[in-house]
Amino acid sequence: MSPHSGDLGPGAVAPVNATAVAAVVVAVGNVVFGSFLGLFLPALPAVIAVVAVVLGHVALAQLRRSGTGESGRGLAITALVVGYVWLALSSLLVGGMLLFTGFGLAVLGF
């Protein structure tokens with residue numbers, strides 16, 4: 001049986017899509033280390049979240065197109081959810097910073 005046939009024998013484990021694994025590793029790594037990295041480079045966690053989202057979409061597209069029976073759809077969706085949530089939180093943080101900076105400048109009379 002070739003590894004590219006769509007049939008898996010009984011007890012066989014489907015191979016996991018490498019892009020889906022990379023996407024979830026980047027997304028979870030961003031959650032774990034992003035807050036610390038954000039102290040030094042504030043835009044870096046948002047950029048890494050975009051990378052996780054792009055990898056998640058690429059993995060889903062690969063899984064849809066491939067007829068090899070690869071698994072990893074759940075990993076890709078997890079990376080997408082984590083990436084989009086992190087982007088939303090980053091956007092709220094930046095928006096809040098801009099809002100309060102503008103408010104502070106207005107109070108000070110600038």
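Every read-out reported here was derived from the displayed coordinates using simple, explicitly stated rules and does not represent laboratory data. What you see is a predicted model; the values in this text were computed from it and never measured. Every residue, glycine as well, gets a Cβ built from its backbone with ideal geometry; the counts of neighbours run over all protein chains shown.
Odds and ends about this structure:
- Extension gain, Ala106 to Val13: 0.36 nm times the residue separation minus the Cα-Cα distance gives 27.3 nm.
- Note that the range 25-86 carries a Kirkwood radius of 12.0 Å, evaluated over its alpha carbons pair by pair.
- Each peptide in 65-73, 99-107 was scored by the mean count of other Cβ atoms within 10 Å over its residues; highest first, the order is 65-73, 99-107.
- Residues with amide H under 5 Å from that of Ser71, placed H, sequence gap 5 or more: Val16, Asn17
- One equal scatterer on each Cα of the chain, no solvent, Debye formula: the resulting log10 I(q)/I(0) at q = 0.17 Å⁻¹ is -0.80.
- Applied to the range 22-38, the Karplus parametrisation 6.51 cos²θ - 1.76 cosθ + 1.60 on θ = phi - 60° returns per-residue 3J(HN,Hα) values of 4, 5, 6, 5, 5, 5, 5, x, 5, 5, 6, 9, x, 5, 5, 5, x Hz, with x for Gly and Pro.
- Gaussian network model of the chain, springs between alpha carbon atoms under 10 Å - residue of Leu55, Leu37, Leu75 with greatest fluctuation: Leu37
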